[in-house]
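Just below is one structure, and these are the notes that go with it.
What follows draws every value from the coordinates through simple rules; no lab data is involved. The shown structure was predicted, so the numbers you read here are calculated from the model rather than taken from an experiment. For neighbour counting, all protein chains shown are included, and Cβ atoms are generated from backbone atoms with ideal geometry for every residue, glycine included.
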């Protein structure tokens, strides 16, 4: 009894200490009134006002969506592109935990963090686009399961993959909070979360493309193909890795004090290695695009204005970056690989906007063009995601993971030995 009573004050003290620590960490670090903070803060404030109008008066109050064009910028970019470029999470975890390519281990946490935030903000964007957002819980609570719906599959996979990404990243949060026992338990769950996460990612990346299998007759023939789920999946591989390359370049500039020694030393090799994977995947994607074009006998459309737009996408933003990735890897030119990554990201964005907006009902008398308010909200979402990413990286062992983790492991072993 005495021992139990003694544990209660200690638990209370620990909870109080943890609360004080979190409150201290919530305070901003560094300069507050920077150009980025001012501009992004203004975007977020304006977006908050616009979203209040949207939820009070409906989608038509701030968007140009209609019955003919129910999906716009918030789906084409915030969801479909956002999920594609978050694909680095499942690709890197597969490379590190399944293929055991340990040279990529120092970037695993920042990549998983990117993936988790990408899915969370994509789900938030989807919530904004729903006419009746309160019904988003129906698939979760069993009120009207649409088991034959592609959207039902995508909704559940979104939720479960975000949960798996959170489990994969949670050891970093436990280290930050000093919860060694919890961190050890969470780390033990990592491999199972990775395997399940990879499976879910494969399915819903293809599932997003599968949504447009029902749009035959509405989507331009150059973009419509029965293989569109495969194309969406393959493009998510090089899109996700391209974001990792670009994010790594930016992090070296913005978060230089937080970079660990291992990440600094291996940055060039990691970038070139990812560029090699991107080159192979882009060439495969280009080959698949050409095969679907020939298989569907659609070459006559290439002589039309939409055909020229299609060629711009697959030549200018698929074939060219593929060659640049290969050239950069062969000559060990990191800048060439980074430039190719930017082009590949632009190509994925162009493809998703083409499928969801530009090539959707191209002959319509009145075509959808996003309003300035939709664009503003999208920019605010990007700014908010950067804010959250910056806050986490500046506090948790993410970029210096390779140096911090071994020390934590040693501390856990010593704690366990002392307890024994």
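Report P(r) for the chain: all Cα-Cα distances, bin width 10 Å, range 0 to the bin holding the largest distance, values in whole percent. With 10 Å bins starting at 0, P(r) equals 4, 19, 29, 26, 14, 5, 2, 0, 0.
Compute the separation of the alpha-carbon centres of the stretch 195-261 and the stretch 278-336 and state it in Å as a whole number. Here the two parts' Cα centres lie 16 Å apart. Of 82, 217, 273, the residue with the greatest mean-square motion in the GNM of the chain, using alpha carbon springs below 10 Å, is 217. By the beta-carbon count within 10 Å of each Cβ, the least crowded to most crowded order of 372, 223, 391, fewest first, is 372, 391, 223. Arranged from fewest to most other beta-carbon atoms within 10 Å of their beta carbon, 73, 166 become 166, 73. The C-alpha atoms of the chain define a longest principal axis, and helix 190-210 lies at about 20 degrees to it.
Can you figure out the FRET efficiency of residue 335 with residue 49, using R₀ = 45 Å and their beta-carbon distance, to the nearest 0.05?
Details: r = 41 Å, r/R0 = 0.92.
With R0 = 45 Å, the Cβ-Cβ based efficiency is 0.65.
Is the stretch 252-376 best put as rounded, prolate or oblate by its Cα gyration tensor, with a ≥ b ≥ c the root eigenvalues, rounded for a/c under 1.5, and otherwise prolate when a/b is larger than b/c, oblate when not?
Details: a/c = 3.62, a/b = 1.61, b/c = 2.25.
Oblate is the answer for the stretch 252-376, as a/c is 1.5 or above yet b/c matches or exceeds a/b.
Among 100, 204, 220, sorting on how many other beta-carbon atoms sit within 10 Å of each Cβ, with the fewest leading, yields 100, 220, 204. Relative to the longest principal axis of the Cα atoms of the chain, the long axis of helix 401-419 makes an angle of roughly 40 degrees.
Against the longest alpha carbon principal axis of the chain, how many degrees, from 0 to 90 and to the nearest 10, is the axis of helix 35-57 turned? Roughly 70 degrees between the two axes.
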